[in-house]
Each structure stands twice: as C-alpha cells, then as structure tokens.
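Just below is one structure, and these are the notes that go with it.
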Amino acid sequence: ESSGYESESAERSAAAGGTCGRQRRARTAFTSEQVCRLEKTFQRQKYLGGTERRKLAAALQLSEIQIKTWFQNRRMKLKRQI
C-alpha cells in the first residue's frame, strides 16, 4: 500500500540500505546527435574551458554540469582503454 509519494519510496529504500534519504538524479539519456557532437568535440580537445562548455551546453540543450560530467567520464574511459 502506497500513497504514491516519491518521498515515501525514498524512505523505504533508505531504510533498506539505499540512498540514505537522498534520491539520486535520473540518468541522462543522451541522444545520438548529442553523443556524436560530444565525441567530435572530445577528439579536438580533451578539456573544455568555461566558455566552450557554456556554448556546447546551449547548442546541445544540456546543462553545463552534464557536459562537464560527460567529459570527465569520457577522459576516464580513454584512460582505461590506454
């Protein structure tokens, strides 16, 4: 029996050893166009400055944090491959 509130399910998962009362943000599902553009940009430069990050975020309709995180994850993927 649930009232349908998300906080109630969060409390249950926290009680079961889950997220300790904080809900995780949903995973971003990047479109193929976004990934293609991100990969092309990554091939040119592995690190983005603030200006480039803002421009790319606006062009792809993503947040700057999403761009920053994607680049961090991509650099780690490259490091693992090497």
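Remark: region 69-77, residue by residue, has Karplus-estimated 3J(HN,Hα) of 5, 4, 5, 4, 5, 5, 5, 5, 5 Hz, where x stands for each Gly or Pro and the curve is 6.51 cos²θ - 1.76 cosθ + 1.60 at θ = phi - 60°.
Counting only Cα atoms, the size of region 32-81 along its three principal axes is 30, 23, 18 Å, in decreasing order.
Where a number appears in this text, it was derived from the coordinates with a stated rule and is not lab data. Bear in mind the structure is a predicted one, so any value in this text is a computation, not a measurement.
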